[in-house]
Amino acid sequence: MNRRLPLLEGRADATARCTYCPKLCRPACPVATVEGRETVTPWGKMRAMDELLRGVEPAEEASRAAMAWACTGCGRCATLCLLDNPVAETLFEGRADALANRIAPAPVSQLVAGWTDRRARLQEAALEARLVGAGARVAVVPGCRAVREDPAGARRTVRAVGEMVGACHAVGGECCGAPLWDAGDREGFFRQAARFVAAVGEDATELVVADAGCAWTLRTLYPQFGLAPERWTRVEHLSETAARKIDRLQPVAVDGDVAVHDSCRLGRGLGVYDAPRQVMERILGRALVALPTSHEHSSCSGGGGLLPITRPATARAIAEELAGEVREVGPDVAVVTSCTSSRSQLRKAGVRADDLADWIARSLGVAGDAD
């Protein structure tokens with residue numbers, strides 16, 4: 001069994017520590033909270049990885065491996081782990097081993113198998129939306145989901161960045177590869193990363209990234225595997241760009257309370273908590289209201305780690321939990337997030353949710369569907 005799971009072999013100490021841990025992180029995991037089963041706590045998932053390493057019957061491999069996808073990658077368990085155990089990292093390496101051994105969940109295998117078609121659809125959408133370009137020093141990455149679902153909003157994001165930093169071009173036709181990483185397709189991720197770097201172009205030295213998940217991928221995984229060119233001197237999330245250029249932002253008259261949701265990848269992933277709040281308070285001209293959980297303890301929306309396709313009911317229930325937190329603050333609170341998936345999850349749960357990029361565009365007077 002060890003021969004078949006090369007990536008997990010390097011995590012044997014981590015899986016063993018979790019297996020014999022007193023489970024202090026149990027209440028931090030959003031999947032465990034809504035499913036209410038010990039097997040999907042961080043302890044339970046790491047135990048499943050440990051069992052795969054030690055060897056299980058072939059008929060049990062797929063059920064154990066599926067536990068690697070019972071995780072959004074939110075990193076919330078790390079806030080309570082006294083051992084600094086790399087739970088999410090271990091589970092994602094388990095995904096790669098499982099996919100390589102053809103014991104991944106069917107929706108994951110289907111995503112990987114359909115990547116060529118998915119990429120073609122994204123390129124077509126980006127061309128139609130005029131979100132492909134090159135030649136500028138600053139490249140703007142609006143995010144694949146934004147390009148597909150809200151091309152006008154993606155264009156506004158690019159224009160808003162232009163208002164703040166000057167000439168820029170959009171990179172909307174190539175994904176950074178994050179879904180492939182989440183699926184466990186390492187080689188596919190590396191190939192897609194090379195395509196993305198080529199799409200950014202030789203002239204760009206700075207990237208402004210609108211989606212939190214894309215920003216985490218480009219700032220964490222790309223450098224880790226030597227995928228980021230040396231010419232990229234700055235890769236930052238849109239909130240950080242707006243915070244640097246905060247004097248450019250103008251007040252927007254808004255009635256009612258507004259709160260910021262700390263998306264997992266931007267907050268716990270990159271440690272960016274202050275920038276979105278600084279930007280929103282500048283735009284509003286007043287203080288934000290606070291959600292019951294925030295910063296490193298912020299609740300997950302259930303939109304990450306491919307959970308919406310591997311455990312859709314669980315993903316919906318996690319979003320409902322977060323929506324309940326919002327309603328505790330007030331029935332008409334508007335939520336601002338930096339994660340397109342979180343925005344979608346919250347809206348489906350009946351919460352007024354908008355992307356920070358939309359607020360920045362409004363503040364800069366970038367409205368409508370103009371070029």
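A short reminder: the numbers here are calculations on the coordinates, not readings from a lab. Here the structure is a predicted model, which means the values were calculated and not measured. No Cβ is skipped: glycine too gets one built from the backbone with ideal geometry, and neighbour counts run over all protein chains shown.
For this structure, a couple of remarks:
- Within the range 112-244, percent of DSSP bridges classed antiparallel, to nearest 5: 10
- Amide H contacts of S299 (H built 1.01 Å from N, under 5 Å, at least 5 apart or other chain): T293
- Over the chain, DSSP H runs of length four or greater, each weighted -39,500 (n - 2.57), average out per residue to a 222 nm ellipticity of -14000 deg cm²/dmol.
- Each of the peptides 348-354, 249-255 was scored by the mean count of other Cβ atoms within 10 Å over its residues; in descending order, highest first, they stand as 348-354, 249-255.
- Added length on full extension, which subtracts the Cα-Cα distance from 0.36 nm per residue, E296 to E202: 30.2 nm
- Peptide packing for 314-322, 122-130, 66-74 was compared via the average number of neighbouring C-beta atoms within 10 Å per residue; ordered from the highest value, the list is 66-74, 314-322, 122-130.
- For V235, residues with placed amide H under 5 Å, excluding near neighbours: L207
- Relative to one another, the C-alpha centroids of the range 183-209 and the range 160-175 are positioned 16 Å apart.
- Net length gained if the chain between E281 and A106 were fully extended (0.36 nm per residue, minus Cα distance): 58.6 nm
- Most mobile listed residue (V87, V171, V56) in the chain, GNM with C-alpha springs under 10 Å: V56
- Between 0 and 90°, nearest 10: helix 42-54 axis offset from the chain longest Cα axis: 50
- Electrostatic tally near Y273: other residues with Cβ closer than 10 Å to its Cβ, Lys and Arg +1, Asp and Glu -1, net -1.
- The range 78-163 shape via C-alpha gyration tensor axes, a/c threshold 1.5: oblate
- The stretch between R231 and V289, if pulled fully straight at 0.36 nm per residue, gains 16.9 nm over its current Cα-Cα span.
- Under the Karplus curve 6.51 cos²θ - 1.76 cosθ + 1.60, θ = phi - 60°, whole-Hz ³J(HN,Hα) for the range 33-41, x wherever Gly or Pro sits: 4, 7, 7, x, 10, 5, 5, 10, 5
- Model label points for A120 and E57, set 7 angstrom from Cα along the Cα-to-Cβ axis, are 4.3 nm apart.
- Shape analysis of the chain places it in the oblate category; the axes a ≥ b ≥ c from the Cα gyration tensor give an a/c of at least 1.5, with a/b not above b/c.
- For the range 250-363, the C-alpha radius of gyration divided by 2.2 N^0.38 Å, with N the number of residues, is 1.01.
- Calculated from backbone phi, Karplus (6.51, -1.76, 1.60) coupling profile of the range 308-318 in Hz, x at Gly/Pro: x, 9, 8, 9, x, 5, 5, 4, 5, 5, 5
- Computed over the range 1-155, the quotient of the alpha carbon radius of gyration and 2.2 N^0.38 Å is 1.29.
- Sum of side-chain charges, D355 neighbourhood, beta-carbon under 9 Å (Lys, Arg +1; Asp, Glu -1): -3
- In the chain, the DSSP beta bridges split such that about 5 percent are antiparallel, to the nearest 5.
- In degrees, nearest ten, helix 186-200 long axis to first principal axis of the chain (Cα): 10
- FRET efficiency estimate (nearest 0.05) - Cβ-Cβ, A194 to L83, R0 35 angstrom: 0.45
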